[in-house]
Amino acid sequence: MQRTRLFSAHKTAGAKFVEFFGWEMPIEYTGIIQEHMAVRKKAGLFDVSHMGEIVISGNQALDFVQYLTPNNAAFLDANKAQYSALTTPQGTFVDDLLVYYLDEHAYLLVVNAANTDKDFQWILSHKQGFDIEVQNKSADYTQMALQGPRANKILQPLTDIDLEEMSGFGVERGSVEGVEAIVSRTGYTGEDGFEIYTLAQNPEKIWDAILEEGKTYGLQPIGLGARDTLRLEARLMLYGNDIDESTTVLEAGMRWLVKFKKGDFLGREALLKQKEEGVRRKIVGFELLEKGIARPHYPVFIENEKISEVRSGSFSPFFQKSIGLTYLPVDHAEIGTECAIEIRGKRIKAKVVPTPFYKKEEKQ
C-alpha cells in the first residue's frame, strides 16, 4: 500500500490505520466522535495527501479546462479556487474536484484519491486537438487540511499570509513554518478552515508546527472516519456514494456550478435538455425517526414500494441521530415526506429534512 510522507507522524500519534483505495491511512486517533466534535468546536488537522493532483499546462490550458468542466474557469486567478466536476457527455460525474489557477497557462485539478488514475486517463483521452500537456503530479504533493472555528488563530502565527483577508475559496502562495506552500480557504467539513499544499520533501515540519501551535486551542489530528461524518452533516458529496457516472449534476442539486453561457463543455447538451425538461429525481436528506443507523445501499421505501437506496448514511455526532442522503422522485422529495429505511429486515421510519444538516455559525 502507498503511504503519505506523514505516515510516521500518524504512527507516533497512535493512529489506527485502514486501507483506503490503495493507501494506508489513519481512520482515527482517539475516536471518531471525539475527533468529529473537536473539529466542530475547536480545530482538527487532517492528512489528505492521498488526494490526486493533475496539472494541465500549455497555450490552451484554460480552453481545455473549460471543455472538461461545467463551471467557468475563466473567472479564476491566482487568488481564487473553484469547485467543479469532470462530466461525461451525459452530464454525469466522472468526479468532483477543485480547480486552481497556477499561472496563465497552467491549472491544478485536485481530484479524489479513488479516482486519480481514472481521472488522469479520462483527461488524456480528451486532449486531442488541444495544445496542452497533462501531468499526474500526485506523488509530488503533500496536502493537509486545518479545519474548525479556531483554524485561523492556529495557522496565522505560522504563515506570512494574511488569513483574515482571505475569503472563501481564496488562495495565496507563501510559506508555512518557513516551507513554501499554497494555502486555500477550502475544506470538506462544513467548518471554516484551510487546505495547505506543498511540494516539500519534509512536510512533517508543517504538520508538527501546526499541532504544537494548536495545543492551547484544543487541536487534534483527525482521521478519515470523522472526515466522513463531518462532510455528511454538511451535505458535501462523496464520489461513489452520492455522485457517480449514473447521477447528473442537476440531480445532485448542483445547478449552481453549471455555467451554460460559457460555451461548450462535456455534458452541456444533456444537462441543458434535463434543465428544460426538469429532473425526475433529486438528492435529499433524511433523518431516522426511530432507533437505527442507515448505511449506504440500505433500501428506501415509500408506501411499501422500494423506491431508492441510501447513498450516504451515518450516526451524526453533532445532532445525536441518524442521518443520510438518498435520491427520490421529485414528487416524493418535499420536506417532511415520510419514508422507511430497511435495516436488517426491519423498516425504520424516516422523513425528508432540509440540508445541509449542519451550518457553521457565521461571524457576528
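Before moving on, here are some points about what is shown:
Residues checked against (1) under 22 Å from ILE196 (Cα atoms); (2) over 16 Å from the mean Cα position of the chain (by Cα):
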{"site": "ARG40", "(1), (2)": "yes, yes"}
{"site": "LEU68", "(1), (2)": "no, yes"}
{"site": "ALA78", "(1), (2)": "yes, yes"}
{"site": "LEU86", "(1), (2)": "no, no"}
{"site": "LEU98", "(1), (2)": "yes, no"}
{"site": "VAL110", "(1), (2)": "yes, no"}
{"site": "LYS118", "(1), (2)": "no, yes"}
{"site": "GLN121", "(1), (2)": "no, yes"}
{"site": "ASP131", "(1), (2)": "no, yes"}
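- When the strands (runs of 3 or more DSSP E) confined to region 70-171 are screened for residues that are crowded, with 19+ Cβ neighbours inside 10 Å, those reaching at least 3 such residues are found at 81-87, 93-103, 106-111, 142-147.
- Filtered by the rule that a residue be of a type outside the set (Val, Ile, Thr), touching a strand residue (DSSP E or B) at 6+ places or on another chain (Cβ under 7 Å) and under 19 Å from ASN79 (Cβ atoms), region 152-163 gives LEU155, ASP160.
- Where a residue in region 208-235 is in contact (Cβ under 8 Å) with a residue 60 or more places away in the chain and among the aromatic types (Phe, Trp, Tyr) and its partner, wherever it lies, is surrounded by fewer than 24 Cβ atoms within 10 Å (Cβ to Cβ) and part of a helix (DSSP H, G or I), with Cβ under 9 Å and at least six apart: TYR217/LYS153
- Filtering region 36-45 to residues that are touching a Leu at 6+ places or on another chain (Cβ under 9 Å) and either of a type in the set (D, E, K, R) or not assigned by TED's automatic domain parsing to the domain that holds THR12 (or both) leaves ARG40, LYS42.
- Filtered by the rule that a residue be farther than 27 Å from GLU19 by Cβ and of a type in the set (Gly, Ala, Ser), region 47-95 gives SER57, GLY58, ALA61, ALA73, ALA74, ALA78, ALA81, SER84, GLY91.
- Against the test of being aliphatic (A, V, I, L, M), free of Cβ contacts under 8 Å to residues at least 40 places away in the same chain and closer than 23 Å to GLY240 by Cα, the options VAL99, VAL48, VAL94, VAL18 yield a single qualifying residue, VAL99.
- Total residues in region 27-39, condition touching a strand residue (DSSP E or B) at 6+ places or on another chain (Cβ under 6 Å) and closer than 22 Å to ILE154 by Cα: 5
- Taking region 285-364 as the region of interest, the strands (runs of 3 or more DSSP E) fully inside it that hold 1 or more residues being aliphatic (A, V, I, L, M), over 29 Å from MET37 (Cα atoms) and out of contact with any Cys (no Cβ under 6 Å at 6 or more places or on another chain) are 305-316, 321-329.
- Note on region 247-272: among residues that are within 24 Å of the chain's Cα centre (by Cα) and aliphatic (A, V, I, L, M), the one that is surrounded by the fewest Cβ atoms within 10 Å (Cβ to Cβ) is LEU257.
- Taking the listed residues ARG295, ARG311, the one that is touching an Asp or Glu at 6+ places or on another chain (Cβ under 6 Å), charged (D, E, K, R), under 21 Å from TYR188 (Cα atoms) and modelled with pLDDT of 95 or more is ARG311, with no other qualifying.
- For region 182-221, a tally of residues being part of a strand (DSSP E or B) and either out of contact with any Phe, Trp or Tyr (no Cβ under 6 Å at 6 or more places or on another chain) or aromatic (Phe, Trp, Tyr) (or both) returns 8.
- Check on VAL48, in contact with a Leu (Cβ under 6 Å, 6 or more places away or on another chain) and at pLDDT 95 or above: no
- Among the numbered conditions (1) at pLDDT below 95; (2) over 14 Å from ARG235 (Cβ atoms), the only one that LEU328 does not meet is (1).
- Looking only at region 26-38, residues that are under 17 Å from the mean Cα position of the chain (by Cα) and assigned to a strand (DSSP E or B) come to 1 in all.
The values are calculated or read from the model by the stated rules, or taken from the named source; none is laboratory data. The model shown is predicted, which means the values in this text are computed figures rather than measured ones. Cβ atoms come from the backbone with ideal geometry, glycine included; neighbour counts cover every protein chain shown.
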